[in-house]
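Below you'll find the structure, written out as structure tokens, and then a few comments.
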Amino acid sequence: MTVPCRPLLPLAAMLALAMAGTGACAHAHAEVAAAAQVRGAPLIPRPASIRPAPGRFLVDAGTAVRAEGAAAAEVARQFAGLLGDTTPIRLAAPLDGDEASAAGIVFRLDANAGEASPEAYSLDIGPRRILVRAGDARGLFYGAMSLWQLLAGQQAAAVWLPAMRIEDAPRFGWRGLMLDSARHFQSVEQIKSLLDAMAVHKLNTFHWHLTDDQGWRIQIERYPKLTQIGGCRIPAGEAGTGADGTLHPYCGHYTREQIREVVAHAAARHITVVPEIDVPGHAQAAVAAYPEHGVVDGPTEPSHNWGVNPYLFNPREETVRFLEDILEEVIELFPGPYVHIGGDEAVKYQWQASPQVQALIGELGLKDEEALQSHVLKRLEAFLEARGRKLIGWDEIIEGGLPPQATVMSWRGIEGGIEAATRGHDVVMVPGDTLYLDFLQTDLPDEPPGRPKFTSMQKIYAFDPVPGVLTPAQRAHVLGVQANVWTEHMRTFERVQHNVFPRLSALAEIAWTAPARKDYGDFLARLPAQLQRYRALGIPYAQTALAVALQRRDDRATGTVTAALSNPLGYLDIRYTTDGSAPTAQSAAYTAPLTLEVPTELKAAAFFDGRPLADRPSAWPLDGASLLTRTDKTLAPCPRGGRLLLRLEDDNPPEGPRASFDVTIFHPCWQWQGAQLDGIAAVKVRAGRIPYNFGLLREEESTRGYRAPVAAHGEFEARAGCDGPVLASVPLPEHPGADGFVELEAPLRAAPDGRTDLCLTFSGDTRPQMWVLDRVTLQPGR
Ligand code: ACM
């Protein structure tokens, strides 16, 4: 059979020896690949070593899979199953035994393998057979994942693999991902799909944030109200209370059976689940269920406010025993060594205000509330230690005295981790400004809600979890690294997936690959193959990361837009068109900012090895109207807006897509830098109104600012500079229209010459709601 030849592209070819048969052309391609492609084997995370070897191996339905012993056979089955799910290659059930003479793919557990780590493996691809070998089932599984990576995403039922030898072992033993199931809830099937994805990234620790102010998500048999009451909240605004007053609770919890199912699914993929029960703060849902274990009298309810809420567990003996009862059941469900007890953001106002708690501090002879927190956590640590478990907590557990054996999860930067390691405690690095995946991954306007101070792939990739200041002995305390998915702004699982992928690839590499083998350029060259795998796995990864970003400078006087184009990940081959057609690899290459006359329809796409990276090109209709219009996402936050910039979504409609708004919540203000106001008669605004639902405690009181309103319900104002004169102003209505928006026109009182930094605000305090700018348009005079 003759197989049609397609031209081989340098890196796209990588291992793309996928051929419908074994014809002459396939062989010719294999030769090329064997010589040239092995060094580019696009594995993520990058293995410790890959050495090319002579020859090639054909994987197709006739390839035998062999394994000796139950553990190796299980890995072989998982490999064949995953391959069958993601490629057209259907392998027969594994054969028992792996005699040295046998051909095929052999999975061998070899107690004498002698690798340093139980997660180490070797993968030998030779002309007659592929040998995956490890001293432990974990390593064998990772060898299988590497082999799967080499084959996944292929469209053909027969694939040539160039011969090579891979030797590999992870840098860290803790390679984690945290999922917050409290703020928003994910189904068991969704969590399993995340675990599946973790496994192919060679991640091994799933930290499950199961309790918080907004929801208690784990069934505790002895205290059923934790989920009955603590498992439901009434969301803020119209999402929770309809126009007719009907309540729409947001509920969810995992039964014991479901938790066992998740734990077993994880274990089958060599992932340990670390449950988190947050103590003594982030306790509002639990206190709503059992007010007697809170500090403040009277009922409360699970919070619908994001941020930091004041409810704490009571530190008295009865409540410590209540927490121990809970941990007893948690331990039954989660066999892993660690239990996470939170410890973060427990602002002590309630303890400070409570005479009973103050008396307890006196009775125990403690210095202050921090020492009291430490006292409670030490009790819980002793409880866990007595049952063979280890306590891990957020870095606040250092304050007031670390429990003696505690492991510290350093989230407020790396400093807590440095301090803990210096004191001989184990550490997991999760610095929020680098590894919190609720920060948007690009600064594109079409990122879903989250925290707009974005965390790029590059920033994650550049992070080294081991601080240089540590001595070698202290470095040994850095167990590893983890990314955290906080879900306040991730109402749907698709948003979780968008935020996690492809950034999880960078996390995997910093967690697994030795620093000397890290190379961002090389990573970018391997990422397209990873995206192919994501497609094969059905993972809807973020297209924004692969799109083209536009930075524009408009000039109304000349009717031009100067457009600077870039790809957020740093891919350099950007092609563009201005005739409405979709860019191809042959379109004009972008090399420097373009000055374009309006109207021009600009389209651009980033390419790698001649193929577009995103599913669709980026497109901007650069017309006359676009020179006069900005949105909340293309305006800058005002300099005095404060640090809390959020991309928040509307509270309506109940289902389906909702509008989102960039807003600095303490001082909502948007700035049009360099606005050209000559010839402008009015400033038109389209504004929405969304819940203001944040637990911000005293930070809010000291930081928040609104201008005093003049009209009954405040006004929309445009100023020349944020402290400058009002240029335009229009009263706001009491309520937005039925669609949730208002459109208002503010006549321009005066137009300064030249360019003006226009500050746009709403006066008045409308809490628990706030006006948010959706779009602003400069209206020329007639
Ligand atoms: C945290 O982000 N509060 C650990």
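Could you work out how far the C-alpha centroid of region 513-562 sits from that of region 682-749, in angstrom?
Region 513-562 and region 682-749 have Cα centres separated by 36 Å.
Beyond 17 Å, what percent of the Cα pairs of region 487-629 remain? Walk me through the intermediate numbers first.
Values: 6641 of 10153 pairs.
Cα-Cα pairs in region 487-629 separated by more than 17 Å: 65 percent.
Hey, quick one: spin label on Tyr520, modelled 7 Å out along Cα-Cβ, who in region 479-511 has an amide N within reach, i.e. under 14 Å?
506-507, 510, by backbone N distance to the label point.
Tell me the mean residue ellipticity at 222 nm calculated for the chain from its helices only (DSSP H runs of n ≥ 4, each -39500 (n - 2.57), averaged over every residue, nearest 500). The partial results should precede the final answer.
Numbers: 20 runs with 199 residues, N = 782.
Mean residue ellipticity, 222 nm, calculated: -7500 deg cm²/dmol.
When DSSP beta bridges are limited to those with both residues in the chain, what percentage is antiparallel, rounded to the nearest 5?
65
Which aspartates and glutamates, if any, have their Cα less than 12 Å from the Cα of Lys348, not counting same-chain residues under 8 positions apart?
Asp368, Glu369, Glu370
How much length would be gained if the chain were fully extended between Glu301 and Asp464, taking 0.36 nm per residue of separation minus their Cα-Cα distance, in nm to one decimal?
Numbers: separation 163, 0.36 × 163 = 58.68 nm, distance 4.12 nm.
Between Glu301 and Asp464, full extension yields 54.6 nm more.
How far, in nm, would the chain grow between Glu734 and Thr591 when pulled straight, counting 0.36 nm per residue and subtracting the alpha carbon separation? The partial results should precede the final answer.
Numbers: separation 143, 0.36 × 143 = 51.48 nm, distance 5.04 nm.
Here the answer is 46.4 nm.
Place the peptides 423-435, 590-602 in order of packing, highest mean first, counting for every residue the other Cβ atoms within 10 Å and averaging per peptide. Mind dumping the intermediate values first?
Details: 423-435: 21.3, 590-602: 15.5.
Highest mean packing first, the order is 423-435, 590-602.
With labels modelled as points extended 7 Å from the Cα through the Cβ direction, what inter-label distance (nm, one decimal) is found for Leu95 paired with Ala268?
Output for this residue pair reads 2.6 nm.
What FRET efficiency comes out for the pair Ala71/Arg165, r = Cβ-Cβ distance, R0 = 22 Å, nearest 0.05? Walk me through the numbers on the way to the answer.
Working: r = 23 Å, r/R0 = 1.04.
FRET efficiency, Ala71 to Arg165: 0.45.
Take every Cα-Cα pair in region 190-263 and report what % of them are more than 16 Å apart.
Values: 1638 of 2701 pairs.
Percentage above 16 Å: 61.
How much length is gained on full extension from Ala625 to Glu701, taking 0.36 nm per residue of separation minus their Cα-Cα distance? Before the final figure, lay out each step's value.
Values: separation 76, 0.36 × 76 = 27.36 nm, distance 4.04 nm.
Contour length minus Cα-Cα distance gives 23.3 nm.
About the Cα centre of the chain, how large is the charge dipole given +1 on each Lys and Arg Cβ and -1 on each Asp and Glu Cβ? Please answer in debye to the nearest 20.
2220
What is the packing order of peptides 668-675, 727-734, 517-524, taking the mean over residues of other C-beta atoms within 10 Å and listing the highest first? If you can, show how the numbers build up before the last one.
On the way: 668-675: 21.6, 727-734: 18.5, 517-524: 16.0.
Answer by packing, highest mean first, reads 668-675, 727-734, 517-524.
Post the alpha-carbon centroid distance, region 486-503 to region 72-102, in whole angstrom.
33
Quick one, what does Rg over Rh come out to for region 148-198 if you take C-alpha atoms and the Kirkwood Rh?
Working: Rg = 17.0 Å, Rh = 15.0 Å.
Value, to two decimals: 1.13.
Roughly how many nanometres apart are two label points built 7 Å out from the Cα toward the Cβ at Arg755 and Arg611?
Using points 7 Å along Cα→Cβ, the separation is 4.1 nm.
Show me 696-707, 569-580, 121-132 ranked by packing, highest mean number of other Cβ atoms within 10 Å first.
Values: 696-707: 14.4, 569-580: 17.2, 121-132: 21.0.
Order by mean packing, descending: 121-132, 569-580, 696-707.
Can you pull a Stokes-Einstein diffusion coefficient for region 134-286 at 10 °C (1.306 mPa s), Rh from Kirkwood over Cα pairs, as a whole number of µm²/s?
Values: Rh = 18.1 Å.
Stokes-Einstein gives a translational diffusion coefficient of 88 µm²/s.
If the viscosity is 1.306 mPa s and the temperature 10 °C, what translational diffusion coefficient in µm²/s does Stokes-Einstein give for the chain when Rh comes from Kirkwood over Cα pairs?
Working: Rh = 28.8 Å.
In µm²/s, the coefficient rounds to 55.
Would you list, by chain and number, the lysines whose Cα falls below 26 Å from the Cα of Lys633, excluding same-chain residues fewer than 8 positions away?
Filter leaves Lys453, Lys459, Lys603, Lys684.
For region 275-339, build the charge dipole from Cβ charges (+1 Lys, Arg; -1 Asp, Glu) around the Cα centre, then report which of Ala285, Trp306, Pro275 sits farthest towards its positive end.
About the Cα centre, the residue reaching furthest to the positive side is Trp306.
Every number here is computed from the coordinates shown, using simple stated rules; none is lab data. Model, not experiment: these values are computed from the prediction. Glycine also receives a Cβ, built like all others from the backbone with ideal geometry; neighbour counts cover every protein chain displayed.
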